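Report on one structure; see the data block that follows.
The values are calculated or read from the model by the stated rules, or taken from the named source; none is laboratory data. These numbers come from a predicted model, not from an experiment. Note that we place each Cβ from the backbone using ideal geometry, even for glycine, and neighbour counts take in every protein chain shown.
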Amino acid sequence: MTELTLQALYSGLLVGGAYAMIALGLALVFGTMRLINLAHGELVLLAAYIAFEMERGYGLNALAAIPVAIVIVGATALLTYLAISRIRHERELNSLILTFGLAIVLTNLILMRWSADIRSTSNGWFQEGVVLGGTLFSMRSELLFFLIGLALIGAVHLWLAKTWNGRALRAVASNRAAATLMGVNPARVEAFSFVIAGLLASVAGVAVYTASVVYPALGHNLTVKAFVITVLAGLGSVPGVLIGAVMLGVAEALTATFLKPSLQELAAMVIFLGVLFLKPSGLFGRSNTVRR
Amino acid sequence: MNARAVGVAAALLVVYVGVPLAFGGAPYVMSLVIASLTIAGIAVAWSLLGNLGGLVSFGHAAFFGVGAYTSALLTMGAGWPVLLGLLAGGLGASLASLLTMPALRLRGPYFALAMLAYAHIFKILTVEAEPVTGGAGGLLSIPGFPTILGLPLASKTGAYALILTIVIASCLAYAGLRRSRIGLALRAMHDSELATRIVGVPSTRLKAAMLAVSAFITGVVGAFNAHQIGFLEPDYAFSGNWTLLPIAAAIFGGYRTVWGPPLGAVAIYLLDQLVFKEFVPSGHGLIYGVLLGGMILLSPGGLLPLLRRWSPFRKASPGATVAHAGR
Amino acid sequence: MLAVEDVSVSFGGIRALRGVSFTVTAGETLGLVGPNGAGKTTLFNVISGVQAPSGGRIVFDGRPLAREPDWRRARRGIGRTFQIPQPMHELTVRENLIVAQSFGAGRRDPARIDAILALLGLSPKADRDASTSLSLTEQKALEVAKALATEPRLLLLDEVLGGLETTTKRAFAGTLAEVRERYGLTLIVIEHDIETITNLCPRALVLDFGELIADGPPREVFRDPAVMRSYTGEAAA
């Protein structure tokens, strides 16, 4: 019984790392601009399909897709920012609808280009099993991207804390007007946060491709997970995103192991509503933007 | 007989008589029209909630599915007459909306996302309640519409007349609410809830009531769809399309107006199915996303106010026209 | 009619009200004075239900109001105006009163609305937009009109005369007295203007730092050394 639990915890942890990579991009944009980009999951998906294209179309290792994805997805993210910055009234709500529309466009474009077939990596190396401590099983790619994810999250955290640009982003996130007075160009910072989100999404997308399967509707699922984690973590905390992501991953794994796999999503939704109703500022957030 | 009454009579004649005469012989087109009106009904419900309740929801598929299943189960399991089932579907959805009430405390975008979460939850619960709902396999052989006064509602023309009536009734109810004192209070609430509460307006209850009304309309439409199609399954009944298409339609048609959303729904759905689908068989759903994004950027008030602004018949003050488009 | 029993309000380390107690009988007009920040508006918030007290209770018509929400209290007969006018912006002046009457009084009486509008000098602007076309005096008048439309028995007026210049103030104060007579109201009036309080209110309460420090006829209260100290911050000469 405990072996089962340990395996569930381990799997949940690893998948949490990947979720954290996916959610962090959304959380950064949320923190800087106070809005949820509903097309974020599609950015991740796009990177995943780029990895597929690299592998099947050009015979390259999926990892080689990362730089390509960064360029393409980064550009898409920047375009998203430009569209959002044109909204004059009720930015939070209108950007939600706008990115909702954008997500539909991206999903359909992906559908047009790559059809609805389920894709996954054909490179066996990624999917080979790795056993830790004799009992804990995972795919090589899961472990690899967990570590990459941790490294990326750590890097972003340090970047936010130590560099001028990072601090500028935090300044804009906490008080846009005051940040302007300190010589920060908020528009540039906001655009930057989108680009970083794109970067994170690119790596996350390749991770998803190598460790799992991709299909056009996945984008929406990923977006949902990302905003559940973002709200769970609360505003302004990068470690919070990691912890929230791991919590979600573990909750899903435990639900799948001890209840039914089909209830995994229910677990995520219940967690989401629970946070919104009971602790709207999130587990680690500093301010409350959720309640009236 | 003033001009307005003549106009209304003419419009009714066109939709109730003209359309079936013109397209009655093309069952495929009639099916599309019926489907577009189904979307239209949800679009009316969605914009009612948005305009009167001040709440944007991304989860109306929840009410659609609950309405569909409620009616299907009551007519199949308990032998209820189908038309009564439609009402029951609406009530079922309203009851479901009571469960979503805690979300009323949330600000705009979070309310929208919470409703999305509810839609997912209801779908999963429907799948899990297999003994009752037939689980993922769904329900088959859902009873069709009866024949009323000699008109077989199960026929394409009959079903068309039924959904048309439902949509028109919903629009009239919406318009009526807007003009009433409740409508006044709701309008005032958008600006300052405190100002209304201090004179005795139970603001939260009114919002909950709007949510229940919106859910009711959506539930009736969902029930209609179940009996018209004849079968149901969770992925279909709770599909995100029942949320997406009405929102796109409402924003395209002008969500601040009463008649804009249903007209927008018919227009955009027919355009999609008859035109775009021909050119882009896979991925033509793109159009809804483009519409949503485009409308938000160009004219958040939708197409109708945009048209009014450009129309040669606009009133003296353009500001008044745009501002009054939604009142 | 109203009993305020040992009401305290604390938030964030600030004690806005400390154990305030007093009663008001039907038909009385009570002035409520005190330096800025003394807790006067907070007291109104507690009575009208906008804010819950941390301690103590409000009893209205012999009935503790415990957790009744603000809108229910408005229907019970507690009317209230805000220091900064809060009109219902998207509506006309008349519509403001229609909403107040429909929901606060629970009935429709267009004649009464016309009467209120006339009494407060708002008739000419009745069908104009409430947010853009009113002068300051008219906005303040609308605040009172809205409250009147709910058919209150107790009316809490929060600095209704604030910001108006002297002649307007006197005229408005006269209108308030008329309103009081016409509708048989019990009033609690927050004002800074000593002349108004003395003329309008036979009884005055003084709050200082959340505490009730004086209660009596205005002339006596204003000569109370403790009251003078609270205003000037030094011992009276």
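Table for the structure above
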quantity	calculated
Condition met for residue A:77 (touching a Phe, Trp or Tyr at 6+ places or on another chain (Cβ under 9 Å), more than 14 Å from chain B (Cβ to nearest Cβ), buried (at least 21 other Cβ atoms within 10 Å of the Cβ) and part of a helix (DSSP H, G or I))	yes
Of all residues making up region B:123-152, the number that are surrounded by 19 or more Cβ atoms within 10 Å (Cβ to Cβ) and either hydroxyl-bearing (Ser, Thr, Tyr) or more than 10 Å from chain A (Cβ to nearest Cβ) (or both)	7
Failed condition for residue A:54, given (1) closer than 29 Å to residue B:108 by Cβ; (2) modelled with pLDDT under 90; (3) part of a helix (DSSP H, G or I)	(1)
Sole residue being in contact (Cβ under 8 Å) with a residue 24 or more places away in the chain and under 29 Å from residue A:114 (Cβ atoms), chosen from A:31, A:57, A:12, A:25	A:25
Where residue A:292 falls short, out of the listed (1) of a type outside the set (Ser, Thr, Tyr); (2) surrounded by fewer than 19 Cβ atoms within 10 Å (Cβ to Cβ); (3) modelled with pLDDT of 85 or more; (4) more than 25 Å from residue A:145 (Cβ to Cβ)	(3)
Helices (runs of 4 or more DSSP H) (entirely within region B:46-155) containing at least 3 residues that are among the aliphatic types (A, V, I, L, M) and in contact (Cβ under 8 Å) with a residue 12 or more places away in the chain	B:60-77, B:82-99, B:108-128
Qualifying positions in region C:87-111 - crowded, with 16+ Cβ neighbours inside 10 Å, more than 8 Å from every other protein chain (Cβ to nearest Cβ) and of a type in the set (Gly, Ala, Ser)	none
Scope region B:158-187; condition small (Gly, Ala, Ser) and either closer than 15 Å to residue B:220 by Cα or part of a helix (DSSP H, G or I) (or both); matching residues	B:158, B:159, B:161, B:169, B:170, B:173, B:175, B:176, B:183, B:185
Any hit, region A:239-255, residues being buried (at least 19 other Cβ atoms within 10 Å of the Cβ), in contact (Cβ under 8 Å) with a residue 60 or more places away in the chain, within 13 Å of chain B (Cβ to nearest Cβ) and closer than 30 Å to residue A:75 by Cα	no
Some residue of region B:169-176 being more than 7 Å from every other protein chain (Cβ to nearest Cβ), of a type in the set (A, V, I, L, M), touching a residue at least 40 places away in the same chain (Cβ under 8 Å) and within 30 Å of residue B:19 (Cβ to Cβ)	yes
Test: residue in region A:109-130 that is touching a helix residue (DSSP H, G or I) at 6+ places or on another chain (Cβ under 9 Å), in a loop (DSSP other than H, G, I, E, B) and among the acidic types (Asp, Glu)	yes
Residue match in region B:246-258 (condition: at pLDDT 90 or above and over 21 Å from residue A:95 (Cβ atoms))	yes
Considering residues of region A:93-115 that are over 16 Å from residue B:297 (Cβ atoms) and touching a Pro at 6+ places or on another chain (Cβ under 6 Å) only, the residue nearest to the other protein chains (Cβ to nearest Cβ)	A:111
Residue A:188 touching a residue at least 60 places away in the same chain (Cβ under 8 Å), of a type outside the set (A, V, I, L, M) and in a helix (DSSP H, G or I)	no
Test: residue in region B:208-218 that is assigned to a helix (DSSP H, G or I), farther than 24 Å from residue C:103 by Cβ, in contact with a strand residue (DSSP E or B) (Cβ under 9 Å, 6 or more places away or on another chain) and not charged (D, E, K, R)	no
All positions within region B:265-276 that are modelled with pLDDT under 90 and crowded, with 16+ Cβ neighbours inside 10 Å	B:276
Unmet requirement for residue A:38, which otherwise passes all of (1) within 14 Å of another protein chain (Cβ to nearest Cβ); (2) surrounded by 20 or more Cβ atoms within 10 Å (Cβ to Cβ); (3) in a helix (DSSP H, G or I); (4) among the aliphatic types (A, V, I, L, M)	(3)
Selected residue (only one of B:142, B:168, B:163 is of a type in the set (Val, Ile, Thr), within 28 Å of residue B:25 (Cα to Cα) and touching a His at 6+ places or on another chain (Cβ under 8 Å))	B:142
Residue within region C:33-49 that is assigned to a loop (DSSP other than H, G, I, E, B), touching a Leu at 6+ places or on another chain (Cβ under 8 Å), within 14 Å of chain B (Cβ to nearest Cβ) and crowded, with 22+ Cβ neighbours inside 10 Å present	yes
Failed item in (1) surrounded by 19 or more Cβ atoms within 10 Å (Cβ to Cβ); (2) over 22 Å from residue C:75 (Cβ atoms); (3) among the polar types (S, T, N, Q), with residue C:133 passing the rest	(1)
Residue within region C:87-105 that is in a loop (DSSP other than H, G, I, E, B), at pLDDT below 90 and either under 14 Å from the mean Cα position of the chain (by Cα) or under 21 Å from residue C:9 (Cβ atoms) (or both) present	no
All positions within region B:219-263 that are within 14 Å of chain A (Cβ to nearest Cβ), surrounded by 24 or more Cβ atoms within 10 Å (Cβ to Cβ) and assigned to a loop (DSSP other than H, G, I, E, B)	B:238, B:255
Residue among A:185, A:175 that alone is under 28 Å from residue A:70 (Cα atoms), polar (S, T, N, Q) and away from chain B (no Cβ under 12 Å)	A:185
Filter result for residue B:283 (at pLDDT 55 or above and under 23 Å from the mean Cα position of the chain (by Cα))	no
Residue match in region C:3-19 (condition: touching a helix residue (DSSP H, G or I) at 6+ places or on another chain (Cβ under 7 Å), assigned to a loop (DSSP other than H, G, I, E, B) and crowded, with 17+ Cβ neighbours inside 10 Å)	no
Search result, residues across region B:96-109 that are facing chain A (nearest Cβ under 9 Å) and either farther than 20 Å from residue A:96 by Cα or crowded, with 23+ Cβ neighbours inside 10 Å (or both)	B:102, B:103, B:109
One residue from B:163, B:182 being of a type in the set (Val, Ile, Thr) and over 21 Å from residue B:266 (Cα atoms)	B:182
